[in-house]
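J.: My questions all concern the structure below.
Bear in mind these aren't lab numbers, they're just calculated from the coordinates by the rules spelled out. Values in this document were obtained by computation on a predicted structure and should not be read as measured data. Cβ atoms come from the backbone with ideal geometry, glycine included; neighbour counts cover every protein chain shown.
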Amino acid sequence: MNIPIPELVKSAFAARKKAYAPYSKYLVGASILTKDDRIYSGVNIENASYGASNCAERTAIFKAVSEGNTKLKAVAVVGGAEDNEITGFAYPCGVCRQVMREFCVNPEEFIIIVAKSEEEYRTFTLNEILPASFGPEKLM
Ligand code: THU
């Protein structure tokens, strides 16, 4: 499958500038690629009532789904503390992994890219980071 990794990572970095994270000060940007090769980006959006916060990955996915794009192929994630350069990889949380499971075309082919820069990144399939998963086909 042809995933435009540099474009997705660049888009996640651009999105990250709009992260709303006044409490953790940990800014995250995510960009997803739909089955028909559209890109949607999102950021983490925190809340004074902390539990109402939303991760960047889910923001991006919910933007796509709310516009009718429910089949997804890949996501790129970049995250790091507000005042520092990005030095580590930001791995998707468990809830976001499950949301990816809902909307991926195929968990064995859905690609997660965690990046420090356009040159330094790691890739995983959803099946690798969410093995033995529960998905919509069980209920449909
Ligand atoms: N966060 C994300 O947006 N995505 C991740 O992959 C990891 C964590 C956010 C949630 C919260 O706003 C902040 O990072 C610190 O946990």
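J.: So for the chain: antiparallel DSSP bridges make up what percent, rounded to the nearest 5? Working shown, then result.
T.: Numbers: 20 of 26 bridges.
Just about 75 percent of them are antiparallel.
J.: Would you kindly give the portion of the calculated P(r) for region 58-140 that falls above 18 Å, as a percent of all Cα pairs?
T.: Values: 1524 of 3403 pairs.
The share of Cα pairs beyond 18 Å in region 58-140 comes to 45 percent.
J.: Given H placed 1.01 Å from N in the peptide plane, which residues other than close sequence neighbours of SER24 have an amide H under 5 Å from its amide H?
T.: Close amide H contacts, sequence-distant or interchain: none at all.
J.: Another question, then. For n ≥ 4 DSSP H runs only, could you compute -39500 (n - 2.57) per run for the chain, divide by its residues and tell me the 222 nm figure to the nearest 500? Please list the in-between numbers first.
T.: Numbers: 4 runs with 37 residues, N = 140.
Mean residue ellipticity, 222 nm, calculated: -7500 deg cm²/dmol.
J.: If you don't mind, there's one more thing I want to ask. Translational D (Stokes-Einstein, µm²/s) of the chain at 37 °C and 0.692 mPa s when Rh comes from the Kirkwood sum over C-alpha pairs? Kindly include the intermediate steps, with their values, before the conclusion.
T.: Numbers: Rh = 14.8 Å.
After rounding, the answer is 221 µm²/s.
J.: Convert each backbone phi in region 76-82 into a coupling constant with the Karplus relation 6.51 cos²θ - 1.76 cosθ + 1.60 (shift: θ = phi - 60°), then list the ³J(HN,Hα) values in order as whole Hz, x for Gly and Pro.
T.: Rounded to whole hertz, the list is 10, 10, 10, x, x, 5, 3.
J.: Let me have the relative contact order for region 6-140, percent, based on Cα pairs under 8 Å that are six or more residues apart. Numbers along the way, then the final one.
T.: Details: 288 pairs, mean separation 28.7, N = 135.
About 21 percent, as a whole number.
J.: Something else now. Return THR125, THR87, THR70, THR34 ranked ascending by Cβ neighbour count within 10 Å, so the fewest neighbours appear first.
T.: Numbers: THR125 17, THR87 8, THR70 14, THR34 21.
Lowest count first: THR87, THR70, THR125, THR34.
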